[in-house]
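Everything below concerns the one structure shown next.
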Amino acid sequence: MNFGFIGAGNMVSAIVKGMTRGTGSFAGENIFLTSKSVVSAKKLAEECGANVCQTSLEVIEHSDVVILGVKPNVLAAILPQLQQAFAKKNPLVVSIAAGKTLDYLRGYFPEKTGIVRVMPNINAKIGASTTGLCANEYVSGEEKQLVKDIFSTIGTVAEIEESQFSIFSVIGGASVAFAYLYMDALARAAVKAGMPKKQALQLTAETVLGSAKMVLEGGEAPWPLIDQVCSPGGTTIEGVTALQAGGFEATLVKAFDAVLAKDKGIGEKK
């Protein structure tokens, strides 16, 4: 089975490297790549033993599964030119374009085309992505599992109801930046107090990693864990109440709502 990628940016690069060099689950010789200038596709193909194609039409011709790895605003520009090629080959279509729904995508493909919508995040670069997936009714169980196998090479995969996909876009996609922002702010506070930035950032990241593992593996929700850390009259409760007084939780909810609204707005654009 052959896999084609239209686009060869950072996310596609992470996926292809995960499939080949990272896990060795897929052979580079079965992967076909193209990009706008072909330069990035050629570089990625050389790194992973894959095939470089000059055009998207060539990718479709060689592929049983086609992954659309271009930005959401690019889809509407390129897909009309590819309709005949998709109709002739009839591959399984996978889209990683943010905000673009299955209903939006189906308008560009022949009737009964199997379409899978996937959202990985930047942590795919180290094989630690949290990826969401949903599919239309024309995708078989075997095809869905194949897509899960592809994206499992860059982290974990969760099947999400499409009605909740915009929510996933926030907590599985954008919130990565929130976590980075939190870690950087905490490390900068430590620098202000006198600790070297490199050490402060390492300690902060390790603490965030440990806290995440505690929630995932310890079987307790965050608030009971907060209560365990906050001793009566202690230091931690001072920090927690300061965060609450500063609107930490309310600000985070506002950030969530802002991303959610933007994601839904992208989905409504034709």
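The values are calculated or read from the model by the stated rules, or taken from the named source; none is laboratory data. Since this is a predicted model, take the numbers as computed values, not measurements. All Cβ positions, even for glycine, are placed from backbone atoms using ideal geometry, and neighbour counts span all protein chains on display.
The figures follow:
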item: Subset of the range 65-108 [under 19 Å from Ala8 (Cβ atoms) and more than 21 Å from the chain's Cα centre (by Cα)]; result: Ala77, Ile78, Leu79, Gln81, Leu82, Ala85, Pro91
item: Yes/no for Phe151 being more than 24 Å from Phe168 (Cα to Cα), at pLDDT 95 or above and either of a type outside the set (Ser, Thr, Tyr) or in contact with a helix residue (DSSP H, G or I) (Cβ under 6 Å, 6 or more places away or on another chain) (or both); result: no
item: Meets criteria (modelled with pLDDT of 95 or more and polar (S, T, N, Q)) for Ser40; result: yes
item: Given (1) in contact (Cβ under 8 Å) with a residue 60 or more places away in the chain; (2) out of contact with any Asp or Glu (no Cβ under 9 Å at 6 or more places or on another chain); (3) closer than 17 Å to Leu102 by Cβ, index of the condition Ser163 fails; result: (1)
item: Inter-residue pairs, beta-carbon under 6 Å, first farther than 17 Å from Glu137 by Cα and among the small types (Gly, Ala, Ser) and in the range 81-107, second modelled with pLDDT of 95 or more and not in a loop (DSSP other than H, G, I, E, B), 6+ apart; result: Ala85/Leu57; Ala85/Ile60
item: Out of Ala193, Ala135, Ala97, Ala87, sole residue that is more than 19 Å from Leu68 (Cα to Cα) and either among the small types (Gly, Ala, Ser) or at pLDDT below 95 (or both); result: Ala193
item: Qualifying positions in the range 163-175 - in contact with a helix residue (DSSP H, G or I) (Cβ under 6 Å, 6 or more places away or on another chain) and either within 17 Å of Phe248 (Cα to Cα) or of a type outside the set (S, T, N, Q) (or both); result: Val170, Ala174
item: Of residues in the range 1-49 being within 16 Å of Ser129 (Cβ to Cβ) and of a type in the set (A, V, I, L, M), the one surrounded by the most Cβ atoms within 10 Å (Cβ to Cβ); result: Val16
item: Hits in the range 66-85 - residues which are surrounded by fewer than 21 Cβ atoms within 10 Å (Cβ to Cβ) and touching a strand residue (DSSP E or B) at 6+ places or on another chain (Cβ under 7 Å); result: Leu75
item: Residue within the range 213-234 that is surrounded by 11 or more Cβ atoms within 10 Å (Cβ to Cβ), closer than 30 Å to Ile96 by Cα and not aliphatic (A, V, I, L, M) present; result: no
item: Extreme residue, surrounded by the fewest Cβ atoms within 10 Å (Cβ to Cβ), among residues of the range 141-192 that are assigned to a helix (DSSP H, G or I) and hydroxyl-bearing (Ser, Thr, Tyr); result: Ser163
item: Verdict on Asp184 being within 23 Å of Ala258 (Cβ to Cβ) and at pLDDT 95 or above; result: yes
